[in-house]
Amino acid sequence: MSREQQAVERARTAFLTGRSKPLDYRIGQLKALQRCITERQKDISDALKKDLNKSEIGTPLYETLGLEGEIMLAVNKLAQWAAPRPVEKNLLTLSDQVFIQPQPLGVVLVIGAWNYPWAVTLQPLIGVIAAGNAAIVKPSEVSVHSSKVMEEILPLYLDKVTPPPPPCPVWSDCERDVPVVTGGVSETQELLRQRFDHIVYTGNSSVGKLVMEAAARHLTPVTLELGGKSPCYIDKQCDITIACRRITWGKFTNCGQTCIAPDYILCEPSLQDRVVEEIRKNVKEFYSDDPKSCVDYGRIINQRHFRRVMALVEGSTIALGGENDESLSYIAPTVLRDVKPDAKVMQEEIFGPVLPIVTVSGVDEAIRFINEREKPLALYVFSPDNKLIRRIIDETSSGGVLANDCLVHFSVSALPFGGVGNSGMGCYHGRHSFDQFSHLRGCLLKSLAMEGVNKMRYPPHTAKKLGW
Ligand code: NAD
C-alpha cells in the first residue's frame, strides 16, 4: 500500500469514528490551527523568505492575517452555520419540519499551490475542518521550504484534541483527521487515484482538468481555484494617479505571482504614456531605484518560471524595467507598451512582474476584448462612473469584479471567492467555505397524523376523488 493510500485510509478511519463532527472538536481544531500559525510565525516567515523572498512583514500581511481572520470568523459563527436552516413551507408541508441540515462530506483532499503557499493551502482547510470533515493536505512541492515546514508543524497542533488510541506509538502512526502528504506530481497523481468525498485544488487550469478527470472516476465533486488573465480597464475619466498606485501594488506584490493580479491593462491610447509614467513613479517609491535590493520585492519561485516569464516578454516593447538576473530569479517590475493582442505575452497568464498595456478605443472595445477570451478570475475597472462599472459587470463574466482597487476583494469573507469557466468552479471564504465543504441535506420531517389529507395521492386516481 502506498504512503498516499495509507494516509487516505487513516483519514477515512478517523472520519468514520465520527470524532471530527462535534462542533467543540471542530472549534478545538480551528483554534489549534490558529495557535500553529501564531506560535510558528517565525518558521513560516523564514520558509517564505527562502521560497519567494517574502519579507517578515509580508508574511502576516499577505499570508497569515487573512487566515487568522477566517479562523476567528469560523469559530464565532460555526454554531449558526451548522444549525438546521428552516426553509419556506408550502400548503402540503405546513405542519411539518422542513429544513436544510449541513453535514460533513467525509474526507477532503486539499491540494495547494506555491505562490501563497500558506494562504491558499490553509484557507480551504479552515472551511473543510469547520464543516466537520477529515482532510488530506497536499502542499505544493514547488514552494519547497514552506511545504517542508507545513509537514513538520501542522501535525504538532492538529489532531491533538483527543489522545491517540493505545496501539499507536506516535501520532503519525494513527488515524489522523488532517494528515499532510508532501511530494510532487507522482505523489499527487497517486493521491488522485484514491477516493475522496471532495477535492479542492488550487493551481493552473491544465492541471485542474487532470484533477477533474481523476475525480470523475469516483464521481467526486471538485472545487477548482484556477487562474487566468485578469484584465484591468482604466477609464479616461478616472484619477490616473490613484488608479496607477493601486495597480502598481496589485501587480508587483509577490513579484506578480498572485492569481488575481491584474494581468494586463486596457486603456485608450491617449492614457498610455501617463500610465507608464505613474507606474514608474510608484515602482520607485515602493521598491526604490533598485528593486533587486529592496526587502519588499519578491523573487520568481524558480528558474523554470523565470525562463517562462522572460520568454513571454520577447517581441514586445519594454516601457519600464526589463532588468533581470537568472541566478537570483529576479525580474524587475516591467511594463510593456503598445502590446498587440496576438503577442506572446497575451497568450497565457503571466504570473510574474510583467504588465502589458493593450490600447483600445474605449469601453465597447474593452468589453469585446474581454469577452473574446477565457473568463478571467478577476476583472478590474478603474472609473468614477458607476454606470460604466455597472455596464462592465452586466456585459462581461469573471470570477469576481473589483472597481477602483486591486486584490482586496480576496479579503472580504462575505464574498464568494472563486472562478468561472476556465478560471475555476466552486467558491470559498467565510460561510461559502463552510457550505462548499458541507452536504446541504434537504430534510422533511412529517408525522403519521393527518392521513386524510393524503387520500388524493393514492390510486386509484379518479376524477371524483380529485374533485374534478
Ligand atoms: P503548482 O505547480 O504548485 O501546482 C499545484 C499543485 O498541483 C501542486 O500541489 C502540484 O503537486 C500539483 N500538480 C502539478 N502538476 C500536476 C500533475 N500533472 N498532476 C497532478 N498534480 C499536479 O502550482 P501552479 O499550477 O504553478 O500554480 C499557479 C497557478 O495557480 C496560476 O495559474 C494561478 O493563477 C493559480 N492560482 C489560483 C488561485 C486561486 O485561488 N484561484 C490561487 C493561487 C494560484
Using alpha-carbon pairs under 8 Å, 6+ residues apart, how would you state the relative contact order of the chain in percent?
18
In whole Å, what is the distance between the alpha-carbon centres of segment 82-160 and segment 279-338?
36
I want to verify the translational diffusion coefficient of segment 72-131 in µm²/s; compute it with Stokes-Einstein, Rh as the Kirkwood radius over Cα pairs, at 37 °C and 0.692 mPa s.
231
State, in angstrom, two size descriptors of segment 380-437 derived from its alpha carbons: Rg to one decimal place and Dmax to the nearest whole number.
12.6, 38
Whole-Hz couplings from phi, Karplus 6.51/-1.76/1.60, listed for segment 202-219; x for Gly and Pro:
10, x, 7, 5, 5, 5, x, 5, 5, 5, 5, 4, 5, 5, 4, 4, 10, 6
Report, ordered by chain and residue number, the lysines lying within cross-link reach of Lys292, taken as a straight Cα distance under 19 Å and ignoring same-chain residues fewer than 8 apart.
Lys49, Lys50, Lys54, Lys251, Lys281, Lys284
The answer for Val180, listing residues at least 5 apart or on another chain whose modeled amide H is closer than 5 Å to its amide H, is Val137
Run the dipole for segment 1-54 about the Cα centre, Lys and Arg Cβ at +1, Asp and Glu Cβ at -1, nothing else charged, and hand back the magnitude in debye, nearest 20.
100
How would you order 330-341, 386-397, 185-196 from highest to lowest mean count of nearby Cβ atoms within 10 Å?
330-341, 185-196, 386-397
Amide H contacts of Leu379 (H built 1.01 Å from N, under 5 Å, at least 5 apart or other chain):
Gly400, Val401, Leu402
Roughly how large, in nm² to one decimal, is the mean projection of the convex hull of the alpha-carbon atoms in the chain?
28.3
Could you state the orientation-averaged shadow area of the convex hull built on the Cα atoms of segment 182-243, in nm² to one decimal?
6.6
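Laboratory data are not the source of any read-out in this text; all were calculated from the coordinates shown. Worth saying up front: this structure is predicted, and the values here are computed from it rather than measured. For neighbour counting, all protein chains shown are included, and Cβ atoms are generated from backbone atoms with ideal geometry for every residue, glycine included.
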